[in-house]
2 protein chains.
Amino acid sequence: MEITTIAVIGAGNLGSRIALRAALSGFSVNIYDISQDKLKQAKSIMSQVLENHNDFKNLSIKYLNNLTFTVDLDHALSEADLVSENVTEDLEVKKRVWEAIGNLAEPHTLFTTNTSYLLPSDFAEISGRPSLFCAFHFHDVFESRVVDIMPHPGTAPEVLEILEEFGRTLHQVPLIVQKEHSGYIFNTLLISWIDAAGRLLTGEIAEVEAIDKSWMVNFNMPVGPFGVLDKVGLDTAWKITSARRNPASRAFAELLKHYVDQGKLGVKSGEGFYSYPDPSYKSPDFLR
Amino acid sequence: MEITTIAVIGAGNLGSRIALRAALSGFSVNIYDISQDKLKQAKSIMSQVLENHNDFKNLSIKYLNNLTFTVDLDHALSEADLVSENVTEDLEVKKRVWEAIGNLAEPHTLFTTNTSYLLPSDFAEISGRPSLFCAFHFHDVFESRVVDIMPHPGTAPEVLEILEEFGRTLHQVPLIVQKEHSGYIFNTLLISWIDAAGRLLTGEIAEVEAIDKSWMVNFNMPVGPFGVLDKVGLDTAWKITSARRNPASRAFAELLKHYVDQGKLGVKSGEGFYSYPDPSYKSPDFLR
């Protein structure tokens, strides 16, 4: 099948970036959210992305004629060959949205969810179209160009091929996740790595800077685990870590909570494990 | 105290590199091993390092007058201000060596062990000099310039300061490990990361290349966990993984054993998770 029209449902940070990327790649894109305010925010997110990227600096979203902003779900879905659902990460909200999409979309439309931790099988049945349902999970679209393609047991195999090709058209690196796994591939690696860093810190084996240095020097990396946590946001890191059950993770979750309670959220609040905008790990003297 | 003379005990790969680095930094270095053959190998390791590094290309070890090669332990230790012990990673062998060093060294000599997984407290008492005993653990000396400084509870605090300064003189990044911890800092991070990659593979969540790509794209890294394993050597990786107790690590250890049994040891055998000398992950097409 040929994909020409995309419906992006949910115009938050990631939805807006996906819609913009698809429009820049020449697709016709309908982007939906529940209010004009949300759509206004989406336009401002898109303008920001265009400004921040040299390749697109001379573009303006008003010239991107293939972008349609709408609060009418039916309108958003009309003629759509593929839906990318980006609504809030809540099982019940997503279920309601998928039931609505299933009732309105054309019979051939592919259904994809951009869920972070839930599974496609959570929504495949309620969408009424399990064989055309798959997770299609973006990381950041413009900086981290990975898209995970994760089927549930009922996804038709040809859907994976179509999504792989479509992902490449969006300048992403498509990664096949062979079976359902919460957090896909990267987050599994990332969380284990962060957990180990947390254990070293809460176990008083080493301090933040020594832990980061060990990784940065050995792998010639510009950042270590605590620098990454500051970027992710300590509030988000706390949510993820506190869901884990082992005692070491719980101790680290408590430490993260302590930072969050003090308003230290990482880069976005100006303070986390490091102080911003000039964290010590970026200083030329750090690795000596 | 001023450090001018170093005794390197054990002239294997790492001992040779430490001795060479100290000689290049202007220290007087006695390097000891049990046979002339071992010392000859050490010279050839050193020549290789000099050839491989542009900074040292015009140097030859025969001009490094401050290097003394000896099979006489007493001679090696005479006038030494610091001992770096690099003998085989075996508790009993290291104990015998430390007992001998303790009997022969001058009273002021600092004692350091370069053990990978054992602890300084395993040898501090038998050396007869616990307060001057500390782990001083190099990674590669020339490529990975990290040196871990890990005291046991009886190490005198001033020893840490001396080693920190001495480590910098050797162009290393000194990292303080605040208390004894097998594997220091980096290996704790590395093993958790590798474990997670192993779980994704043996759990059939994703294939080798997808797992590596997820890390390489998201962190803009030239290599992912399986590329790293191939560099480490699958035999070494198998030894480390098989010592771990959780079921997922055991499953991964079995997979590694399967590779090792087939002679697939990674880079050094020409085949591991990738084929060498041109592994797919180094191809410009890999990240698409």
_If I build a Gaussian network model for chain B, linking alpha-carbon pairs within less than 10 angstrom, which residue out of B:T115, B:T70, B:T236 has the largest mean-square fluctuation?_
B:T236
*Kindly rank B:278-288, A:9-19, A:136-146 from highest to lowest mean number of other beta carbons found within 10 Å of each residue.*
A:9-19, A:136-146, B:278-288
*Share of pairwise Cα separations in the range B:159-223, more than 13 Å, in percent*: 74 percent
*For A:D74, which inter-copy label distances result when the label point lies 7 Å beyond Cα on the Cα-to-Cβ vector, reported in nm to one decimal and in ascending order?*
10.1
*Would you calculate the volume per residue, in Å³, of the smallest convex hull containing every Cα atom of chain B?*
146 Å³
_Peptide-level mean, for A:216-222, of C-beta atoms on other protein chains within 10 Å_ = 6
*Averaged over all directions, how much area does the convex hull of the C-alpha atoms of the range A:5-176 cover when projected, in nm²?*
8.7 nm²
*Going by a ≥ b ≥ c, the root eigenvalues of the Cα gyration tensor, does the range A:212-288 fall in the rounded group (a/c under 1.5), the prolate group (a/b larger than b/c) or the oblate group?*
oblate
*asked:* I want the local charge near B:T241. Using Cβ-Cβ distances under 13 Å, sum +1 for each Lys or Arg and -1 for each Asp or Glu among the other residues.
replied: +3
*Could you please state, rounded to a whole Å, how far the C-alpha centre of the range A:147-173 is from the C-alpha centre of the range B:124-192?*
48 Å
*Do me a favour and compute the ellipsoid semi-axes for the range A:125-188 from its Cα gyration tensor, root of five times each eigenvalue, largest one first, whole Å.*
20, 14, 10
*In bins 5 Å wide, starting from 0, what share of all Cα pairs of the range B:159-288 does each bin hold, as a percent?*
2, 10, 17, 19, 17, 12, 10, 8, 4, 1, 0
*For the range A:45-136, what are the per-bin percents of Cα-Cα distances with bins 5 Å wide, up to the bin holding the maximum?*
2, 13, 21, 19, 15, 13, 10, 6, 1
*Distance between the range B:45-102 and the range A:216-284 - C-alpha centres, whole angstrom*: 41 Å
_Calculated label separations, B:N246, copies of the chain, 7 Å along the beta-carbon direction, nm_ = 0.3
*asked:* Can you compute 3J(HN,Hα) from phi for each residue in the range B:118-125, using the Karplus curve 6.51 cos²θ - 1.76 cosθ + 1.60 with θ = phi - 60°, rounded to whole Hz and x for Gly and Pro?
replied: 7, 10, x, 5, 5, 10, 4, 5
*Taking a cut-off of 19 Å between Cα atoms, list the lysines near B:K239, but don't count ones fewer than 8 places away on the same chain.*
B:K231, B:K257, B:K264, B:K268
*For chain B, what is the calculated [θ] at 222 nm in deg cm²/dmol (nearest 500), taking -39500 (n - 2.57) for each run of four or more DSSP H residues and dividing by its residue count?*
-13000 deg cm²/dmol
_Sequence-distant residues sharing a close amide H with B:T113 (under 5 Å, placed H)_ = B:E85, B:C134, B:A135, B:F136
*Go through B:24-32, B:44-52 and give me the packing order, highest mean Cβ count within 10 Å leading.*
B:24-32, B:44-52
*asked:* Residue by residue through A:190-197, how many Cβ atoms from other chains fall within 10 Å of the Cβ on average?
replied: 6
*Summing +1 for each Lys or Arg and -1 for each Asp or Glu, what net charge is found among the other residues whose Cβ lies under 15 Å from the Cβ of B:E158?*
-4
*Quick one: label points 7 angstrom along Cα→Cβ at B:G26, distances to the other copies in nm, smallest first?*
6.4
*asked:* So for each of A:263-276, B:202-215 I average, over its residues, the number of other beta carbons within 10 Å; can you give me the resulting order with the highest mean first?
replied: B:202-215, A:263-276
*Return P(r) of the range B:1-58 (all Cα-Cα pairs; 10 Å bins starting at 0; whole %; ordered from short to long distances).*
25, 51, 22, 2
*For every other residue with a beta carbon closer than 15 angstrom to the beta carbon of A:D122, add +1 if it is Lys or Arg and -1 if Asp or Glu, then tell me the sum.*
-2
*May I ask you to give the average projected area over all directions of the convex hull of the Cα atoms of the protein assembly as shown, in nm² rounded to one decimal?*
28.8 nm²
*Just counting partner chain Cβ atoms within 10 Å, what average do the residues of peptide A:45-54 show around their Cβ?*
0
*Under a 5 Å amide H to amide H cut-off, with H placed in plane at 1.01 Å, what residues pair with A:I31 once short-range neighbours are removed?*
A:V8, A:T68, A:F69, A:T70
*Estimated vicinal HN-Hα couplings, Hz - the range A:129-136 in sequence order (Karplus 6.51, -1.76, 1.60; Gly, Pro = x)*: 9, x, 6, 9, 9, 7, 7, 9
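Where a number appears in this text, it was derived from the coordinates with a stated rule and is not lab data. Note that the coordinates shown come from a computational prediction; the quantities given were computed from them, not determined experimentally. Quick reminder, even Gly has a Cβ in these numbers, built from the backbone with ideal geometry, and neighbours come from all protein chains shown.
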